[in-house]
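Following: one structure in structure tokens, then a few remarks.
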Amino acid sequence: MARKTQPYSLRLDPATVRRLNEEAGRRAVAPRTLAQDLVEEGLRMRRHPIIRFVDRASGRRACLIGRRLTVTDVVEWVRGSSDLDAVSLHLDLSRAEIDQVLAYYTEFKDEVDAEVERLHDDAEREHRLWRERQQLIKR
């Protein structure tokens, strides 16, 4: 998704520029794009210390530090339950941790909701393809 950006100049240490260029090359993106993403992630992690960003098969995802859980995992569990204590117990998270995830969600609601929708669409597509394969096997 294209974002509207604004020029911003800063000076970086030569070693930082070298690492930025190397990482951008590995990811096949422009260094300025990677820098923009890293600054945004850094600001989010500073504002929401429970969050870190992790590369997954489905893309770069907001996850809980020290857990395999993503923000979308927690949001889906909270949406599906009327009992936060039960969600807390099931996910092995404290209520404070759930509150911190929900604070992140509140700030980036549209983005997280779009990710949830995309994940649901992917799951539906995979299930449809599985059913089609099963039909082929039965022939």
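In the range 71-81 there is at least one residue that is polar (S, T, N, Q), at pLDDT below 95 and out of contact with any Lys or Arg (no Cβ under 7 Å at 6 or more places or on another chain). Phe108 passes every criterion in (1) touching a residue at least 40 places away in the same chain (Cβ under 8 Å); (2) in contact with a Ser or Thr (Cβ under 9 Å, 6 or more places away or on another chain) apart from (2). Annotation note: Cβ proximity below 8 Å between a residue of the range 33-47 that is under 13 Å from Tyr8 (Cα atoms) and of a type outside the set (Asp, Glu) and a residue that is assigned to a helix (DSSP H, G or I) and modelled with pLDDT of 95 or more (sequence gap 6+ or interchain) occurs for Thr33/Ala24; Ala35/Leu20.
Being at pLDDT below 95 and within 14 Å of the chain's Cα centre (by Cα) narrows it down to one of Arg27, Arg67, so name that one. None of the others qualify; the one that does is Arg67. Tell me, yes or no, whether the range 84-95 has at least one residue that is within 14 Å of Ile50 (Cβ to Cβ) and touching a residue at least 40 places away in the same chain (Cβ under 8 Å). Checking the range 84-95: not a single residue is within 14 Å of Ile50 (Cβ to Cβ) and touching a residue at least 40 places away in the same chain (Cβ under 8 Å). From the list Ala96, Ala28, the one residue that fits, being of a type in the set (A, V, I, L, M, F, W, C) and closer than 30 Å to Tyr8 by Cα, is Ala28. The condition of being exposed (fewer than 12 other Cβ atoms within 10 Å of the Cβ), within 28 Å of Asp121 (Cα to Cα) and within 13 Å of the chain's Cα centre (by Cα) holds for only one of Asp83, Asp37, Asp92, Asp55, that being Asp55.
Answer with yes or no whether Thr5 is more than 27 Å from Thr70 (Cβ to Cβ), loosely packed, with under 12 Cβ neighbours inside 10 Å and not acidic (Asp, Glu). Answer is no for this residue. In the range 116-139, the residue that is modelled with the lowest pLDDT out of those that are over 26 Å from Arg60 (Cα atoms) and among the charged types (D, E, K, R) is Arg139.
The values are calculated or read from the model by the stated rules, or taken from the named source; none is laboratory data. Worth saying up front: this structure is predicted, and the values here are computed from it rather than measured. All Cβ positions, even for glycine, are placed from backbone atoms using ideal geometry, and neighbour counts span all protein chains on display.
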